[in-house]
2 protein chains.
Amino acid sequence: MPTAERRTTGRPPRISRAEIVGTARRIVAEQGVGKLTMRGLAREIGSTPMALYHHVRDKEELLLLLLDDIAASAPRPDPLPADPRERLVTVATAMHDLLAGCPWIVEVLTADDLMAEAALWYSEHIVDAAVAAGLGLEEAVDAYRTVWYYTAGQIITTATSARRRAQDERPTYRDRVFAGIDPAAYPRLASVGARWTELTARDTYAEGLRALVRGLLPEG
Amino acid sequence: MPTAERRTTGRPPRISRAEIVGTARRIVAEQGVGKLTMRGLAREIGSTPMALYHHVRDKEELLLLLLDDIAASAPRPDPLPADPRERLVTVATAMHDLLAGCPWIVEVLTADDLMAEAALWYSEHIVDAAVAAGLGLEEAVDAYRTVWYYTAGQIITTATSARRRAQDERPTYRDRVFAGIDPAAYPRLASVGARWTELTARDTYAEGLRALVRGLLPEG
DNA sequence: ACCTGAACACCGTTCAAGT
DNA sequence: ACCTGAACACCGTTCAAGT
């Protein structure tokens with residue numbers, strides 16, 4: 001790895017990978033991923049867009065480095081509960097909390113199942129808890145994926161909802177649709193009516209997770 | 001609604017909302033949402049970008065119209081199973097299949113919980129099945145959301161994975177991370193090893209959904 | 001080895017004007 | 001009422017050159 005070696009020739013670097021990642025992290029925290037552009041980042045650092053490409057392959061690699069940085073600095077529950085079901089719930093909740101603070105990670109990196117090095121901790125302990133609860137290794141991997149899907153979907157849905165609620169004054173498309181529901185065609189939705197928005201604004205991650213664990217792991 | 005009225009004055013329209021949505025749908029089907037641009041769409045129709053803005057407020061509204069169009073033309077399982085659990089599984093699977101064909105919908109519209117008019121059918125029947133299985137109305141809405149999170153997460157994760165597998169030759173970041181796992185730190189993941197990629201490539205939506213239903217709905 | 005300026009090939013959207 | 005051309009304010013990335 002060249003960045004770890006001591007360079008003996010050539011021009012001394014003016015900016016570093018660490019500085020790039022650190023500044024990117026600050027921008028994302030302050031203004032959201034949408035505002036993270038190579039041009040803006042370079043401006044912030046006091047350099048040019050092209051200088052960045054000398055330290056980072058492309059924007060995607062930068063986001064991956066960012067994920068690793070964030071996951072590495074996130075607090076991890078310790079000690080973990082001895083009971084496997086409780087352990088799974090605790091670790092999944094920690095993963096959820098980490099992601100809730102930076103939902104863009106899910107949008108950007110779903111393909112890698114949160115597989116940055118620093119994020120392996122979560123996968124390891126969820127798979128381990130599933131095995132401890134009596135599942136085979138392959139079943140445990142499937143259980144992990146199910147928990148991941150649920151978590152990713154929750155993060156992405158509530159993040160987008162919150163963003164819209166915050167910036168948009170006009171009623172959402174959903175509100176308009178709900179206002180015009182035909183009770184004959186959709187009786188259940190009509191009976192929920194205006195309460196839908198209020199009901200779906202609550203955070204029910206924990207309850208859903210427990211239901212998932214009940215269905216996924218054999219009875220203790 | 002102005003589009004339904006018969007116009008008696010002014011210049012006759014050369015392009016229509018229906019033509020815009022239809023062409024957009026074809027572009028998305030053939031080349032993916034990433035290739036759907038207002039400029040490209042106008043070119044395809046043989047018009048100018050600005051003509052589109054006369055029929056559609058902005059790109060987001062266009063995507064919403066597209067979702068409605070697609071949901072309206074999707075096949076719906078009929079008749080539905082009488083057993084509530086089976087009914088929930090059947091409807092959720094139909095929703096999943098619809099989305100699997102156009103994963104961009106999830107990425108774009110998660111905030112509205114698939115709340116286009118034509119998509120209400122799925123919500124209605126999932127909530128109804130949950131009530132029929134013994135849940136209260138509010139609990140049933142929560143159950144619907146849990147199923148939605150799981151479904152959205154599955155679609156988004158596998159869609160992105162598939163896209164990368166298709167276009168990218170070099171090993172994924174995940175593969176590189178897995179190759180360097182420390183068995184002392186992460187014994188479970190190390191013992192899964194190279195099988196991870198193979199295991200996570202399988203479609204386990206159905207199994208996960210059944211586990212979710214087991215945990216969500218009271219025993220029959 | 002590291003950084004720069006200029007350019008390429010794009011975006012969504014607004015403005016002012018034409019028919 | 002509907003459409004147009006030109007422009008604004010951006011993107012990520014490549015290329016060729018400078019130090």
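The values are calculated or read from the model by the stated rules, or taken from the named source; none is laboratory data. Just so you know, these numbers come straight off a predicted model, no measurement behind them. Positions of Cβ are generated from backbone atoms using ideal geometry, with glycine treated the same way; all protein chains shown enter the neighbour counts. Accessible surface is based on the protein model in full, side chains and every heavy atom, while ligands, DNA and RNA are left aside. Shrake-Rupley method; radii C 1.70, N 1.55, O 1.52, S 1.80 Å.
Could you grab me the full set of residues in the stretch A:127-142 that are over 11 Å from A:PRO218 (Cα atoms) and either in a helix (DSSP H, G or I) or within 22 Å of the chain's Cα centre (by Cα) (or both)?
Correct list: A:VAL127, A:ASP128, A:ALA129, A:LEU137, A:GLU138, A:GLU139, A:ALA140, A:VAL141, A:ASP142.
Determine whether A:ARG39 is open to solvent by 50 Å² or more (accessible area, probe 1.4 Å) and more than 8 Å from DNA strand D (Cβ to nearest atom).
In short, no.
Would you be able to say whether some residue in the stretch B:66-79 is free of Cβ contacts under 8 Å to residues at least 40 places away in the same chain, in a helix (DSSP H, G or I), surrounded by fewer than 19 Cβ atoms within 10 Å (Cβ to Cβ) and within 17 Å of the chain's Cα centre (by Cα)?
yes
Which residues, counting only those in the stretch A:191-206, are among the aliphatic types (A, V, I, L, M) and modelled with pLDDT under 95?
Passing the criteria: A:VAL192, A:ALA194, A:LEU199, A:ALA201.
Just wondering, is there one or more residues in the stretch B:52-63 that are touching a Phe, Trp or Tyr at 6+ places or on another chain (Cβ under 9 Å), assigned to a helix (DSSP H, G or I), away from DNA strand D (no atom under 11 Å from the Cβ) and open to solvent by less than 70 Å² (accessible area, probe 1.4 Å)?
Yes, the conditions are met somewhere in the stretch B:52-63.
Determine whether B:TYR122 is within 16 Å of DNA strand C (Cβ to nearest atom), more than 9 Å from chain A (Cβ to nearest Cβ) and not hydrophobic (A, V, I, L, M, F, W, C).
Against the criterion (within 16 Å of DNA strand C (Cβ to nearest atom), more than 9 Å from chain A (Cβ to nearest Cβ) and not hydrophobic (A, V, I, L, M, F, W, C)), B:TYR122 does not qualify.
Only one of (1) away from DNA strand C (no atom under 16 Å from the Cβ); (2) in a helix (DSSP H, G or I) fails for A:ALA42. Which number is that?
(1) is the only condition that A:ALA42 fails.
Go through A:GLY46, A:GLY34 for me and flag whichever is within 11 Å of DNA strand D (Cβ to nearest atom) and among the small types (Gly, Ala, Ser).
A:GLY34
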